[in-house]
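Single-structure report; data block below.
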Amino acid sequence: MKNININDLVKAGLFLALAIVFQMIGKVAPEVSQIFVGPAVNAILILTAVICGGTYGILVGCLTPLLAFLTGQLASVLGPFIPFIIIGNLLFVLSFIIIKKHGKYGKQLGIIIGALIKYIFLSTSASKLIPLFNLDIPSKIVNKLIFAMGIPQLITALIGGFIALILIKILIKRKAYV
């Protein structure tokens, strides 16, 4: 078994806690939930992957939808959709991790491609896989889900990803992260 870096584990735990705080803000102010919480959580996923390592970024990406459900940020009727959100986050982080190493603009390209892949997967899941798997989600909710998992997911992933890259540059410049 690979040795666990306790510092990275603690930092990832703090990033996860920060994601929960953002999700709770979304619960208190639902009108800003998707435009605020979405980019914040996506930024945290990328920050975790860069600062703590890809494994922790993926782990935080898998835990955030579960915690959103448990904290009430994600409506209980959307419980059956949680695995799709987990996979969407996994695809976003994994794409970034793989592509960021390629060339001068690898990180930016990783964010763009990761966001596109996440968007395509979530949009397709909401519009095609829910009916295919006959998930027990009311049609009124499905229509809202199809919208929420469409273009807004692409936008929030792009914004969050680029916010993360800006924060990483600031941290490097201030020698808070090497």
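Starting from segment 70-84, take each residue that is touching a residue at least 12 places away in the same chain (Cβ under 8 Å) and open to solvent by 30 Å² or more (accessible area, probe 1.4 Å) and list its partners that are part of a loop (DSSP other than H, G, I, E, B) and of a type in the set (D, E), counting only C-beta distances under 7 angstrom and pairs at least six apart or across chains.
Listed by first residue and then by second, the contacts come to P80/D136.
So is S76 of a type in the set (S, T, Y), more than 14 Å from N42 (Cβ to Cβ) and within 17 Å of the chain's Cα centre (by Cα) or not?
no
Only residues that are touching a Leu at 6+ places or on another chain (Cβ under 8 Å), open to solvent by less than 30 Å² (accessible area, probe 1.4 Å) and in contact (Cβ under 8 Å) with a residue 40 or more places away in the chain: list them for segment 53-69, please.
G54, G57, V60, T64, A68
Return a yes/no flag: does segment 154-165 have any residue that is over 14 Å from the mean Cα position of the chain (by Cα) and either on the phi > 0 side of the Ramachandran plot or aromatic (F, W, Y) (or both).
No.
Checking the structure you have, find out if any residue of segment 94-117 is under 27 Å from V28 (Cα atoms), in contact (Cβ under 8 Å) with a residue 40 or more places away in the chain and not hydrophobic (A, V, I, L, M, F, W, C).
Here is the first cut: in segment 94-117, the ones under 27 Å from V28 (Cα atoms) are 115.
This time we only want the ones that are in contact (Cβ under 8 Å) with a residue 40 or more places away in the chain, so: 115.
Okay, now just the ones that are also not hydrophobic (A, V, I, L, M, F, W, C), so none.
Scanning segment 94-117 turns up no residue that is under 27 Å from V28 (Cα atoms), in contact (Cβ under 8 Å) with a residue 40 or more places away in the chain and not hydrophobic (A, V, I, L, M, F, W, C).
Considering every residue within segment 121-138, establish whether at least one is closer than 19 Å to P39 by Cα and out of contact with any Phe, Trp or Tyr (no Cβ under 7 Å at 6 or more places or on another chain).
Yes, some residue in segment 121-138 is closer than 19 Å to P39 by Cα and out of contact with any Phe, Trp or Tyr (no Cβ under 7 Å at 6 or more places or on another chain).
Between a residue in segment 14-34 that is modelled with pLDDT under 95 and any residue that is surrounded by 15 or more Cβ atoms within 10 Å (Cβ to Cβ) and not in a helix (DSSP H, G or I), which pairs come within a Cβ distance under 8 Å, given they are 6 or more apart or on different chains?
Between residues of segment 14-34 that are modelled with pLDDT under 95 and residues that are surrounded by 15 or more Cβ atoms within 10 Å (Cβ to Cβ) and not in a helix (DSSP H, G or I), the close pairs are Q23/Q73; M24/Q73; G26/Q73; K27/Q73; S33/Q73.
Given the criteria more than 19 Å from L158 (Cα to Cα), open to solvent by less than 60 Å² (accessible area, probe 1.4 Å) and touching a helix residue (DSSP H, G or I) at 6+ places or on another chain (Cβ under 8 Å), does A115 qualify?
Values: more than 19 Å from L158 (Cα to Cα): no; open to solvent by less than 60 Å² (accessible area, probe 1.4 Å): yes; touching a helix residue (DSSP H, G or I) at 6+ places or on another chain (Cβ under 8 Å): yes.
Here the answer is no, as A115 does not meet what is asked.
Collect the residues in segment 123-164 that are open to solvent by less than 20 Å² (accessible area, probe 1.4 Å), hydrophobic (A, V, I, L, M, F, W, C) and modelled with pLDDT of 95 or more, keeping them in residue-number order.
Matches in segment 123-164: A157, A164.
Just to be sure before I move on: is A40 closer than 17 Å to I163 by Cα, part of a helix (DSSP H, G or I), open to solvent by less than 40 Å² (accessible area, probe 1.4 Å) and in contact (Cβ under 8 Å) with a residue 60 or more places away in the chain in the structure I sent?
Working: closer than 17 Å to I163 by Cα: yes; part of a helix (DSSP H, G or I): yes; open to solvent by less than 40 Å² (accessible area, probe 1.4 Å): yes; in contact (Cβ under 8 Å) with a residue 60 or more places away in the chain: yes.
Here the answer is yes, as A40 does meet what is asked.
The values are calculated or read from the model by the stated rules, or taken from the named source; none is laboratory data. Because the structure is a prediction, the values reported are computed rather than measured. Every residue, glycine among them, receives a Cβ derived from its backbone with ideal geometry; neighbour counts consider all protein chains shown. Calculation scope for accessible area: heavy atoms of the full protein, side chains included, ligands and nucleic acids excluded. Shrake-Rupley method; radii C 1.70, N 1.55, O 1.52, S 1.80 Å.
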